[in-house]
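Throughout, read-outs are computed from the coordinates displayed, never taken from laboratory work. No experiment lies behind these values; they were computed from the predicted model shown. Here Cβ is always computed from backbone atoms with ideal geometry, including for glycine, and neighbour counts include all displayed protein chains.
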Amino acid sequence: MPINHPSFGTLEPGRVIIFDTTLRDGEQSPGFSMNLNEKVRMAEALTELGVDVLEAGFAIASPGDFESVKTISETIGQRADSPVLASLARAGAQDVMAAANALKSAKRKRIHIVIATSDLHMKYKLRLEPDEVITATVESVKLARQHADDVEWSAEDATRSDFAFLARCVQAAIEAGATTINLPDTVGYAMPEDMEKMYSYIRANVPSIENVILSTHNHNDLGMGVANTLAAVRAGARQIESTINGIGERAGNASLEEIVMAIRTRPDAMPYTNNIQTTHLLRLSRLLATVTGFDVQPNKAIVGRNAFAHEAGIHQDGVLKNAATYEIMTPESVGWAKNSLVLGKHSGRAAFRDKLNTLGYKIGDNQLNDAFRRFKDLADRKKVVFDDDIVALVDDEVMRDHERIRFVSLDVTSGSKRQPHADLELEIDGVVHSGSAGGDGPVDATFKAIQAIFPHTANLVLFSIGAITEGTDAQAKTTVRLEENGKLVDGQGADTDTIVASARAYVHALNKLLVKRERTEPQALSA
């Protein structure tokens, strides 16, 4: 039976709404943080991907979160192709009004209210009686409806809630004006059969349920986020909440790319449609890895670098004869290029711009000039420049152009007969500063020089080095993890010089730390 929804009109039974919460739930991942410009870039890319609802943040969490929701609403929210923009709010007037004010400029907006419904959460976290939870639900939804036609209500820890009480809450939320009802598996506790039982119960015991969209939001603590999501859809959910790369609290959320490709690959089992442009999935995955500083695991489904790799001889033989023998989808369908061997030192600006467009980058002339300068420098040092090399240098140069601290130059002396020493220049808030330091090795000297220029109390808890491509002239890709007052951040850097790559990674981590310092963590944040 079709559903009439204020944001989507008549929704046919086979249509599934894709709700992306990378910028909200995803950013709550330990060590993850994004500044305003990175969030806007991610929002633009998610819009091009085709998500239906984009949760831009949690407006009351911090001034930075409010500003990011507001900025996305003022920019992307004014576009004809804008998704519905959402902001999370707890079931209280202050939260709801913060969300409403941040979303004010968006043409299509949603206030997303969350309150816990399990006995465990009500007793120990909320310290509220069940009737008080229902009252808070009704009051907050009614207030939200005064500022948005589209209001989503979420029952935090729904899968561990008493189903009879959950049904009472859902009915109350609908009667108060909620247009979408979300039943999250907040702690990743459920099995697929549990999801089917819960949605079936709610559909059978809430008289008004046919008038709203049912939503599912699943965490991955037992590795079942995607399986539980698909089970919920089969049981009647028509909105899927997920994140790029599956990032999120603890073990993360159900992965958007895995869900979408499961639906696309298995129409016999999942006869549903959505608006996702799947050829953008890899680019979104790489963009997110760049802005957060967290790489995707090599064997990650869909977007991991081994997702379409075949090493076993019998597999290689089968793929050469017919790719369908071992590939259930084509690499090109999710954005992998057939040929990654590209430019060299004689390549011109036009060819470089064309390659950037192919890789999914849309940058201005000034950014193009900066990226092209680094490309020519790289091409002088490498015999062959691969797609991954270009991705690394553009992400390093362009995607971080609004960071407060920027790498300028580094000169290191080191060897078995001399004390390692580093002379470093960093640009901080537009002003170039110089510093020098010795150390136990060139990397240690470089990191101490950074500490001398930009004093801080963060501890280095991880330092790793890898190669982006093959060969002795390959770019090094380094990762630095810093910890300060229990907050973790990862930074990444790339360069053919491993020490320079290390400096870039440390600076990237420091910039992440500055963003993390500004963020507060309100109670009852998760869904």
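Computed on the Cα atoms alone, the convex hull of the stretch 405-518 gives a volume of 100 cubic angstrom per residue.
Each residue in Arg127, Arg349 was given a count of other beta-carbon atoms within 10 angstrom of its own, and listing them fewest first yields Arg127, Arg349. Working from the Cα coordinates of the stretch 161-268, the gyration tensor eigenvalues give, after taking √(5λ), semi-axes of 24, 15, 13 Å in decreasing order.
Can you quote the Å³ per residue value for the convex hull of the Cα atoms in the chain, rounded to an integer?
On the way: hull volume 82.9 nm³, N = 527.
Each residue corresponds to 157 Å³ of Cα convex hull volume.
Taking other Cβ atoms within 10 Å as a rough exposure proxy, Tyr201, Tyr506 sort from fewest to most as Tyr201, Tyr506. Lysine pairs in the stretch 15-292 whose alpha-carbon atoms fall under 22 angstrom of each other, counting only those eight or more residues apart or on distinct chains, come to 10. Partners of Lys300 within straight-line reach, counting aspartates and glutamates whose Cα lies under 12 Å from its Cα and excluding those fewer than 8 residues away in the same chain: Glu257, Glu258.
Taking a straight line from the alpha carbon of Lys345, these lysines sit under 19 Å away, with near neighbours fewer than eight places off in the same chain left out: Lys355, Lys376, Lys382, Lys383.
Taking loop as defined by DSSP and a crowding limit of 10 other beta carbons within 10 Å, which trypsin sites (Lys or Arg not before Pro) in the stretch 358-451 fit? Please list the in-between numbers first.
On the way: sites: Lys362, Arg373, Arg374, Lys376, Arg381, Lys382, Lys383, Arg400, Arg404, Arg406, Lys417, Arg418, Lys448; in loops: Lys362, Lys382, Lys383, Arg400, Arg404, Lys417.
Taking the stretch 358-451 and a limit of 10 other Cβ atoms within 10 Å, the loop trypsin sites (Lys or Arg not before Pro) found are Lys383, Lys417.
When Rg and the Kirkwood radius Rh are both evaluated on Cα atoms of the stretch 35-82, their ratio Rg/Rh stands at 0.95.
Ellipsoid fit via the Cα gyration tensor, the stretch 15-292: semi-axes of 26, 23, 17 Å, each the root of five times an eigenvalue, largest first.
Converting the Cα gyration tensor eigenvalues of the stretch 72-166 into ellipsoid dimensions via √(5λ) gives semi-axes, longest first, of 29, 13, 10 Å.
Which percent, to the nearest 5, of DSSP beta bridges fully inside the chain are antiparallel? List each step's numbers first, then the result.
Working: 39 of 74 bridges.
If I count the DSSP bridges inside the chain, around 55 percent turn out antiparallel.
The phi-based Karplus calculation (6.51 cos²θ - 1.76 cosθ + 1.60; θ = phi - 60°) puts the 3J(HN,Hα) values of the stretch 331-336 at x, 5, 5, 10, x, 6 Hz, whole numbers, x for Gly and Pro.
Per residue, the average separation of C-alpha pairs within less than 8 Å and at least 6 apart gives the chain a relative contact order of 13 percent. If you take the Cα centroid of the stretch 344-392 and the Cα centroid of the stretch 102-166, the two points sit 48 Å apart. The stretch 168-199 and the stretch 231-277 have their alpha-carbon centroids 17 Å apart.
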